[in-house]
Structures are given as C-alpha cells and as structure tokens.
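For reference, the structure is listed below as structure tokens.
What follows is calculated from the coordinates using simple rules that are stated; it is not laboratory data. Everything quoted here is computed from the prediction, not taken from an experiment. Positions of Cβ are backbone-derived with ideal geometry, glycine not excepted, and every protein chain shown enters the neighbour counts.
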Amino acid sequence: MQHNLCVYNTLSRTKQPFRPLHEGRVGMYVCGPTVYGDAHLGHARPAITFDILFRYLTHLGYKVRYVRNITDVGHLEHDADEGEDKIAKKARLEQLEPMEVVQHYLNRYHHDMEALNVLPPSIEPHASGHIIEQIEYIRRILDAGYAYESQGSVYFDVEKYNHDHPYGKLSGRNIEDLISSTRALDGQSEKRNPLDFALWKKAAPEHIMHWPSPWSEGFPGWHLECSTMGTKYLGDTFDIHGGGMDLMFPHHECEIAQSVAAQGHEAVRYWMHNNMITINGKKMGKSYNNFITLEEFFNGSHPLLQQPYSPMVIRFFILQAQYRSTVDFSNEALQASEKALEKMTDIYRRLGNLSAAPQSSVTLPDFTAQAYAAMDDDLNTPMVIATLFEAGKIINQATDGAVTLSQADIDALRKLFDTFLVEIMGIRVEAKGADKGTAAYEGAVDLIMEIRKNAKAAKDWATSDLIRDRLASLGFDVKDTKNGVEWKLL
Ligand code: ZN
C-alpha cells in the first residue's frame with residue numbers, strides 16, 4: 001500500500017521516509033520496564049508512543065513484529081558496580097524469591113498497560129531467559145577484540161572501539177570530553193578506562209541472581225540484553241529501535257557499540273526516542289518525591305493529585321503532545337485533557353446518532369487525508385486530534401440542525417473517527433460518565449469503609465456491624481487485612 005510515513009531518526013537527526021528492510025514487514029524493538037516497582041507516569045509515555053507506532057504500521061498493512069523486553073536480571077544502578085541490585089533488595093525486604101518480585105510487578109505492569117489500552121507486544125522476552133545468548137554475544141565481542149576479561153568480569157573496551165568507530169554518535173557526545181569528565185570519578189581498578197562498561201559482571205557473594213559463565217558466576221551487563229534479544233528475534237539488522245530519550249546515553253550508545261563490535265555493522269536502521277514527562281516543571285526523581293504511579297493516577301491517592309484521572313485521560317493527555325516534545329504534568333493540564341476527551345466522546349456519540357439527509361448542505365474538507373498527513377508527519381497526534389475536533393464542529397452543527405449531511409458523508413466521518421480515534425490512537429470511547437461513575441462509586445464505598453473504621457476505633461460496634469452486614473447483604477465481600485480493609489463486589 002502507498003503511504004508516506006516519515007519518522008525522525010535520532011541517529012541522522014532528520015525526518016526520513018520510512019522504508020522497511022523487508023517488503024511488507026517491520027521489525028521493531030522497544031526497551032521495556034525493569035520490574036522492581038510499580039509503573040509510573042514515565043513508563044506510560046514510551047509505552048503509548050510506541051503503541052501508536054505499532055498500531056499505525058499495522059493499520060498501514062505491515063506485518064509488525066514488536067519486541068519489548070523485560071529487564072529482570074536485577075542489575076545494579078546501571079554501571080555502578082557496588083551495592084545490591086534492586087530486585088534482590090526487594091526480594092530480601094519482602095522475603096520473596098527474586099522471580100516472585102519480577103512476576104508480581106510484571107503482572108501489575110500488564111494490568112496498567114491494559115488499562116491504558118496499550119496493545120501487548122508480539123514478543124516480550126525476559127533478560128533472565130536469554131543468558132546463554134548473551135554469553136554467546138560477549139564471546140563475539142571478545143573474539144573481535146573489543147572487550148577484555150578482568151578478575152572474572154568482562155568489559156567493553158570503549159577507547160579501543162572509539163579508535164576504529166565513532167562512540168557517542170547517537171547522543172552526539174564527544175568521547176574525549178567524556179574521558180576527561182569521568183576519569184576523576186574512577187574508583188574501579190578492574191577497568192582500563194572508566195567509560196568501559198560491563199558485559200559480564202562477576203557476582204559478589206551477596207548478589208543472589210547469578211549464572212555460570214566461562215568467566216565467573218555472575219550476570220550480564222544491562223546494555224547487552226537489548227543487543228542480544230533484538231537481533232535474536234528481529235535479525236542482525238532490523239528496522240526500528242525505540243525508547244525514552246533518557247536511554248539514549250549510555251544505554252543505546254552502548255548497544256550500537258556492541259552490535260558493531262560483535263556483528264561488524266549496526267543493527268538498527270531507525271532510532272526513535274520519546275521525550276520525557278516533567279511534573280510541575282521538574283524532572284521526575286526520587287529527590288523531588290514526585291514519582292506518581294499509574295495506579296495513584298487512576299485512584300487519585302497521591303498527595304500531588306487533586307482528583308483521580310482515568311487511564312483514557314492519561315492516554316489522551318500524552319497524545320495531545322507530539323512524542324518528541326516535552327510534556328509537563330499538572331492537575332490543570334490533566335483537567336483540561338479530561339474536558340477535551342469528554343468533548344471528543346460527545347462528538348463521537350453524536351456522530352453515532354446522526355441521521356442522513358438526501359444531500360449534504362456543506363462540502364466537507366478531506367479530513368481523512370489531513371489525518372493521514374498528520375500521522376505520516378512523525379506521528380503528529382496533536383494534529384490528528386485537531387483534525388477530529390474540526391470534523392466535530394460539523395458533526396455538532398448537524399446534530400443541531402444547522403447543516404445536513406448525506407449518508408455518504410456520515411459514513412466517511414464515522415470511518416474517520418473509528419480509524420483515527422479508536423483504532424490508531426487507541427482511545428476507548430466509554431458511555432458517558434462511565435469512568436467518572438466508577439471513580440465516584442469506588443470513592444463512596446471507600447468512604448463507608450472509613451466510617452466503619454472510625455466506628456470500630458470508637459468501639460461503636462453497632463455501627464460497624466450494621467455497615468458490614470448491610471454491605472454483605474448488598475453482595476460486598478469485606479475483609480479486614482493487615483494492610484487495612486479490602487472490599488470487592490461478589
Ligand atoms: Zn534496552
């Protein structure tokens with residue numbers, strides 16, 4: 001099929017026409033989550049950005065193989081070599097097997113993604129399930145002479161690599177500057193150069209996630225899993241690699257170096273990066289205490305939130321910006337998105353109820369061509385939304401009787417909304433107030449639970465029993481647990 005999709009390639013720093021390597025097929029890889037905690041707003045943006053790309057490519061008729069990995073090896077803080085890895089720490093604190101921690105947070109991640117209407121990828125490989133392939137990849141880099149063994153660990157030789165190939169070309173960094181800025185920080189005697197990154201790391205005795213290798217009992221370096229699993233499932237060269245801009249350096253830079261070292265050439269043809277989300281103008285970070293989990297957005301429980309925001313409001317909010325621009329979260333911005341989404345939903349519902357006249361009294365602009373042009377322009381979703389609102393003006397006029405529309409025009413408008421709003425942008429159009437109703441209902445039951453808790457605290461057993469019995473007769477299952485009261489409707 002004929003199309004003109006152009007995407008911004010971070011590597012060439014230009015918008016390029018998208019031409020896949022194999023006719024009719026697209027291979028795409030996106031860095032997925034590290035599973036040791038709940039997904040927050042920062043996870044939603046890459047997930048939604050590349051979901052849109054996945055949906056659009058599929059819509060254009062491509063057979064897309066979309067690989068999104070799960071980082072579950074329990075790395076240390078990136079390349080820091082000291083301390084306890086995060087999954088192991090969580091496992092120790094919660095007295096769980098590390099893979100229980102992984103599964104727990106992976107289930108929750110999937111639940112959040114499903115709420116956001118993010119389609120599951122075609123393959124979701126775990127780093128821990130590809131240790132043999134990663135060891136093999138390290139061997140290839142060692143054989144090529146771009147890595148060295150040191151006290152049971154294997155490091156990538158950045159200086160030697162940079163002598164033959166430019167290191168830092170993706171992020172535009174200059175290796176000489178990097179060397180001078182990192183040399184002072186170096187406390188590692190194992191490495192030849194502080195910029196060298198671990199391909200394999202010998203496990204300290206307290207490191208509970210480790211595997212046998214030719215070099216030591218240890219674990220693979222973080223950057224390695226993406227090079228290994230990307231090429232395993234998509235081939236030595238594949239079309240698209242995506243991720244957040246924060247992964248550009250060092251993660252993706254290291255991936256490029258690993259591919260060139262192991263394979264003799266780069267693996268990725270189009271590098272695509274989504275920009276970050278700030279919260280009230282600040283980066284999300286532990287020191288700001290502004291990590292808001294998606295769950296907290298959905299139930300409104302974080303102190304920075306004035307109200308709950310439904311998953312579709314979060315999705316719409318993210319799509320109202322082009323993926324390469326920054327997005328700043330604030331209650332005002334999300335409330336504006338909530339209103340805009342409500343307006344869009346109203347338009348969609350009116351469109352469903354329109355009845356046709358023998359002839360249209362207006363000539364419709366080619367909204368469909370406009371929406372395709374916007375998507376083709378590096379996934380310009382805010383422009384698609386603007387086009388749908390333009391079409392909405394005419395739909396509202398038709399509803400009010402100010403204009404008439406023929407059946408052909410109504411059909412074209414319905415196809416426009418079904419294609420771009422529902423299929424490509426993945427907006428679930430709920431019945432009016434469904435999300436609001438659910439939030440209000442849950443809030444009301446929580447309030448009753450709070451009254452019961454207060455009654456119990458005041459030893460007002462009559463009130464607390466009355467609430468429990470009446471809720472039971474309405475079909476609620478109420479349980480007192482050590483984490484508080486849990487309820488569900490049976
Ligand atoms: Zn990655």
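Here are the numbers for this structure:
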{"read-out": "Label-point separation in nm, T363 to N280, each point 7 Å along Cα→Cβ", "value": "5.3"}
{"read-out": "Residue-by-residue Karplus 3J(HN,Hα) for region 158-163, coefficients 6.51, -1.76, 1.60, Hz, glycine and proline x", "value": "5, 5, 5, 4, 5, 5"}
{"read-out": "In Hz, Karplus ³J(HN,Hα) per residue of region 318-330 (6.51, -1.76, 1.60; θ = phi - 60°; x = Gly, Pro)", "value": "5, 6, 6, 10, 5, 5, 8, 9, 6, 10, 10, 7, 8"}
{"read-out": "Amide H within-cut-off set for V403, under 5 Å, with H built and near neighbours excluded", "value": "A398"}
{"read-out": "Three-way shape call for region 101-244 based on the alpha-carbon gyration tensor, with the a/c threshold at 1.5", "value": "prolate"}
{"read-out": "Distribution of pairwise C-alpha distances over the chain, 10 Å bins, in %", "value": "4, 17, 24, 23, 17, 10, 5, 1, 0"}
{"read-out": "For region 66-72, Karplus couplings with θ = phi - 60° (6.51, -1.76, 1.60), whole Hz, Gly/Pro x", "value": "10, 10, 10, 7, 10, 7, 10"}
{"read-out": "Extended-chain gain in nm, criterion 0.36 nm per residue less alpha-carbon gap, K453 and E190", "value": "88.9 nm"}
{"read-out": "Label-point gap, in nm, between N107 and R173 - each point 7 angstrom along Cα→Cβ", "value": "3.8"}
{"read-out": "Peptides 446-456, 222-232 ordered by average Cβ neighbours within 10 Å, highest first", "value": "222-232, 446-456"}
{"read-out": "Positive dipole terminus of region 17-170, leading residue within A115, L53, Y105 (C-beta point charges)", "value": "L53"}
{"read-out": "Long-range amide H partners of G242 with built H, under 5 Å", "value": "Y29, V30, C31, M272"}
{"read-out": "For region 183-277, alpha-carbon Rg and Dmax in angstrom", "value": "15.2, 42"}
{"read-out": "Extension reserve of the K488-F291 stretch, reckoned as 0.36 nm per residue once the Cα distance is removed", "value": "68.1 nm"}
{"read-out": "Additional length obtainable on full extension of the chain from A340 to K415, 0.36 nm per residue less Cα span", "value": "24.9 nm"}
{"read-out": "Inter-label distance for D460 and H3, nm, one decimal - labels placed 7 Å from Cα along Cα-to-Cβ", "value": "6.1"}
{"read-out": "Paramagnetic label zone (point 7 Å from Cα along Cα-to-C-beta, L305; backbone N under 11 Å) in region 14-51", "value": "41"}
{"read-out": "Shape of region 315-415, Cα gyration tensor, a/c cut at 1.5", "value": "oblate"}
{"read-out": "Set of aspartates and glutamates near K86 by C-alpha distance (under 20 Å), chain-local residues within fewer than 8 positions excluded", "value": "D38, D72, E77, E94, E97, E100, E206, E217, E225, D246"}
{"read-out": "Test item: Cα-centred dipole of region 206-266, Lys/Arg +1 and Asp/Glu -1 on Cβ, debye", "value": "120"}
{"read-out": "FRET efficiency, 1/(1 + (r/R0)^6) with R0 35 Å, evaluated for K479 and E124 via beta carbons", "value": "0.60"}
{"read-out": "Charge dipole (debye, nearest 20) of the chain; +1 at Cβ of Lys and Arg, -1 at Cβ of Asp and Glu", "value": "900"}
{"read-out": "Residue pairs, from the table K90/K282; K15/K202; K63/K282; K339/K415, whose Cα atoms sit over 32 Å apart", "value": "K15/K202; K63/K282"}
{"read-out": "Charge dipole (the chain, unit charges on Cβ, about Cα centre) - positive-most of I87, F291, A267", "value": "F291"}
{"read-out": "For region 283-370: rounded, prolate or oblate by the Cα gyration tensor [a/c cutoff 1.5]", "value": "prolate"}
{"read-out": "Dipole axis of region 232-380 (+1 Lys, Arg; -1 Asp, Glu on Cβ), positive-most option in M276, F316, I240", "value": "F316"}
